[in-house]
Amino acid sequence: MFSTQIFGDRTALVTGGTSGIGLAIAERLASLGARTAIIGRDESKLERAVASLAARGFEVRGYKADVRDEAAVHGALEAIESDFSPVGLLVNNAAGNFRVNPLDLTPNGWNAVVNIVLNGTWNLTQAVGRRAITLSVPLSVVNIGTSAALMGNPDTVHSASAKAGVMAMTKSLAAAWAPHGVRLNVLTPGLTEQTGGAGILYGTEPEMEGHLANIPLGRLARKEEIADACAFLLSDFGSYITGSELLIDGGRRLTGH
């Protein structure tokens with residue numbers, strides 16, 4: 001479906017792009033011609049991710065920044081604009097999560113996740129949106145969601161709550177910024193192979209077997225499938241889609257578990 005250059009005149013930014021789904025999305029956007037930037041907090045991980053993508057011939061650069069830090073976000077955006085051009089494709093993938101009984105969740109634990117997931121997504125989205133609207137740059141945003149925000153999860157109330165906030169933010173900004181040519185959507189993957197989330201949420205074999213039993217398609221998502229769906233939402237193939245959520249969970253929600 002995709003031309004190899006559908007993003008040939010665009011600059012893409014992926015937060016949390018050093019591993020897992022974020023890295024797969026960065027690779028996919030670069031393969032479709034985007035000048036691609038990734039943001040992360042760990043400089044060594046950034047260097048490894050950029051090197052792995054550059055070895056495949058992709059134009060990717062890494063920028064060290066904490067999405068919770070507004071000054072760092074603005075500094076990274078200025079550097080990206082200097083190296084490439086204003087961001088026209090934004091993927092907010094940076095996240096944090098861990099399992100905990102809600103009665104044992106500390107204020108620090110709650111704040112750590114909410115600050116990364118909700119506040120970090122807001123910081124990037126507002127900063128990029130402001131630049132795009134001021135400069136009349138077309139902008140498409142994909143925020144990575146979680147099915148726990150839709151169904152609930154007893155052990156990840158902090159993450160589910162933050163991602164639910166991201167969903168509300170996405171819908172609100174989609175309505176506010178549509179007249180400026182800005183689209184925002186949420187992409188919600190089910191549990192995905194070879195990602196940290198799979199280990200955090202279903203770390204034992206019995207837990208994973210129980211999870212797979214509730215997926216009608218009988219397997220986990222592949223990172224490449226999530227990356228392709230993200231590229232679709234960002235691209236002009238999804239030009240009439242805004243304020244929506246695309247759930248990719250193999251039918252799990254249909255089982256009610």
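Descriptive notes on the structure:
- Computed FRET value (nearest 0.05) for ALA71 with ASP228, which takes r as the C-beta separation and R₀ as 45 Å: 0.85
- Lysine pair number, Cα distance threshold 23 Å (strictly under), the chain, separation 8 or more or different chains: 4
- Taking 0.36 nm per residue of sequence separation and removing the Cα-Cα distance, the GLN5/TYR240 pair yields an extension gain of 82.6 nm.
- FRET efficiency for GLU81 and LEU103, using Cβ-Cβ distance with R0 set to 41 Å, rounded to 0.05: 0.35
- Exposed loop sites are taken as chymotrypsin sites (Phe, Trp or Tyr not before Pro) in a DSSP loop (any state but H, G, I, E or B) with at most 16 other beta carbon atoms within 10 Å; the longest stretch of the chain without one runs 99-239.
- Using only side-chain charges placed at the Cβ, +1 for Lys and Arg and -1 for Asp and Glu, the dipole size of the range 11-255 relative to its Cα centre rounds to 340 debye.
- Within the chain, longest stretch clear of exposed GluC sites (Glu not before Pro) (DSSP loop, no more than 15 other Cβ within 10 Å): 60-192
- Lys/Arg +1, Asp/Glu -1 at C-beta; the chain dipole; positive extreme among GLY243, GLY96, ASN115: GLY243
- The range 1-123, Cα convex hull volume normalised per residue, Å³: 115 Å³
- If you wrap the range 67-188 in the convex hull of its Cα atoms and look at it from every side, the mean projected area works out to 7.5 nm².
- Rg/Rh (Cα only; Kirkwood hydrodynamic radius) as it applies to the range 11-255: 0.95
- When the helices of the chain are scored as -39500 (n - 2.57) per DSSP H run of n ≥ 4 and the total is divided over every residue, the value at 222 nm lands at -13500 deg cm²/dmol.
- Cα shape, the range 121-177, gyration tensor, a/c 1.5 rule: prolate
We did not get these values from a lab; they are worked out from the coordinates using the rules stated. The structure presented is a predicted model; accordingly, all values stated were derived computationally and were not measured. Here Cβ is always computed from backbone atoms with ideal geometry, including for glycine, and neighbour counts include all displayed protein chains.
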